[in-house]
Structure formats: structure tokens, C-alpha cells
1. Of the residues that sit in region 183-200 and are closer than 12 Å to V8 by Cα, part of a loop (DSSP other than H, G, I, E, B) and out of contact with any Lys or Arg (no Cβ under 9 Å at 6 or more places or on another chain), which one is least open to solvent (accessible area, probe 1.4 Å)?
2. Being out of contact with any Leu (no Cβ under 7 Å at 6 or more places or on another chain), in a helix (DSSP H, G or I), among the aliphatic types (A, V, I, L, M) and open to solvent by 40 Å² or more (accessible area, probe 1.4 Å) is the requirement here; does V171 meet it?
3. In region 201-231, which residues are among the β-branched types (V, I, T), within 17 Å of M1 (Cα to Cα) and open to solvent by less than 60 Å² (accessible area, probe 1.4 Å)?
4. Any idea how many residues of region 240-274 are of a type outside the set (K, R), over 27 Å from the mean Cα position of the chain (by Cα) and modelled with pLDDT under 70?
5. Can you name every one of the helices (runs of 4 or more DSSP H) wholly within region 100-153 that holds 3 or more residues which are open to solvent by 30 Å² or more (accessible area, probe 1.4 Å) and within 14 Å of V171 (Cα to Cα)?
6. Taking M43 as meeting all but one of (1) out of contact with any Gly (no Cβ under 7 Å at 6 or more places or on another chain); (2) closer than 19 Å to L190 by Cα, write down the number of the exception.
7. Looking only at helices (runs of 4 or more DSSP H) that lie completely in region 1-70, which have at least 3 residues being touching a residue at least 60 places away in the same chain (Cβ under 8 Å) and open to solvent by 30 Å² or more (accessible area, probe 1.4 Å)?
Amino acid sequence: MLGANAVVLIAAVGMTIVFLAGGIDLSIATVISFSAVAGGLVMAQTDSVVLGLIVALVAGLAFGAVNGVLIGYFEMTPFITTMATQLIARGLAFVMSAGIAVRGTPYAMLDFGFLLWFGIPAIMAIAVGIVVVMGLLMGHTSWGRYVMLVGSNAQAAHYSGVNVRFTTFTVYAVSGLLGGMAGFMSIVNLGNAIPGVGDTLLLIIIGAVVLGGTGMNGGEGSVGRTILGVAILAILTNGLNLIGIPFYDQLIIMGALIFLGTWMAMTFGRRRGT
């Protein structure tokens, strides 16, 4: 269960940072797919895990940078911008892979997928490490404070001397970079690069962030809370599968839970505001 949700956790951290800055990144799920395909193709040709990782990270960062430039510097609407890049990333993933799984993953990478560190899947240990690093950046650096300030009140941040455009750019760039990492980890988890691996992940990622208590209006939440949100969805999904609840009934239950989590986050935010 831990290994299966490592990809979601990594991507959810990126979405959390975007939410904290008052934005949204609809492209992160398909960036996972594109990065997985790009990294998988390189590994199939070179048999190099390192090159595959670099390509996957660069691919994710490229999409994140495009989003950041368009939203931060050209002030385009985040919803429309990331929806457009979502479609582009998905199309490229299927064109590059011809719509089929990319085979030829190095054996070292396949073995890593089964590796345990102190009884914990190595892939989840890496995901938790990423959470810790991002939590430290958000909580103990000026960049993290700028992100929170931009999400709370962009105009006030501007008057306080914060470079709002650059901060917004970095938020989406980090989201794309983590999407690339999540794409690479999906190869570890599944054994092959699958062009549609991210198709069903977007709502799960958003749901995990919201359930963790991070508001979509910006300035409220934390990276640490996202761990709780991912854990809730993982345990819920696993439990529903074990007791034999049909898939579509699970969607109803998860939707209701996300609605409840959103309502609680909004209520908590109002009380703190008063």
C-alpha cells in the first residue's frame, strides 16, 4: 500500500505548494505520464537509470517552467493554462510511446521497485524524503514565506517587496519537477513507462491535498498535512477493496469524503480568520 501511493504523495506535494500560492496545476497528472514515457524511452535506449531520471526530471521541469512563465509573467489564468498544458503533455506521451507501454526498463530499476529499507518500500522512503525537504523549504526559508504571502494576498506581497511573478514561476516549476520525479517513480512501481499512468491521478492528488487541510484559496495549509490526506485515501481505498466495495461505489464514497474535507478546511479557515 505504501509503495503504490508513493507516486501520489510526490505529486501531491507539488500540488500543495501550488495551492499554497493560490493557484492550481491541472497538468501535473499528465506531466507524470509524459515524464515517465520520456525517461522510459531513454532508459530503453541507453540502459542507464541515471539518464532516465535526468530526462524525466527535465521533462517535468520544462512543463512546469512553461506554466510558470505563462501564469507568473503573462498573468494567464492558472486553470486554463494548466488545462492546455495538460492536453499537450498527454498528447505527447501517447505520440512518443505510440500508445503502448515503453518496455526495456533496466533490471536494476526493476529490482529497486522491490527493495525494502528497514521494512519500508524504498520508493516510499524517497517520497517521504521529498516531503521532508519540501517541508523544510516551506517552513524555514524566505522562499516558503514568500509563497505563503503570495497565496494569502498577492497585492500585499508585492507591496512588501516580494517578487510575485518570480515566486509564482518557481511554484509551478517545482510542481513540474516533482511531477517528473513522480513519473520516474511510476516506472519503478509498475515496471514499465505507461503513457496513461496519470490519467486517473489528478482528482486523487487534489483530493489528497484537500483532505489534508490545505485550502485552494492560498495561504492555508502545509506540506506535512498532505501526508495525512494521502494516508486517508490510501487506507480508505485499500479497506474498500478488501471488503469488496465495487469501484464505482468507491468513487461515490471518496467524492463525499473529499466534499467533507473541503467543507472542514473552509470552516477551519474562517474560524482562524475571525
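The values are calculated or read from the model by the stated rules, or taken from the named source; none is laboratory data. Predicted, not measured: the structure shown is a model, and the values here were computed from it. Reconstructed Cβ throughout: ideal geometry from the backbone, glycine too, with neighbour counts over all protein chains shown. Note: accessible area is taken over every heavy atom of the protein model, side chains too, but ligands, DNA and RNA are not part of it. Shrake-Rupley method; radii C 1.70, N 1.55, O 1.52, S 1.80 Å.
1. V197
2. no
3. Matches in region 201-231: I204, I205, T226, V230.
4. Residues that pass the stated criteria total 2.
5. Those helices (runs of 4 or more DSSP H) span 142-152.
6. So the condition that M43 fails would be (1).
7. 49-68
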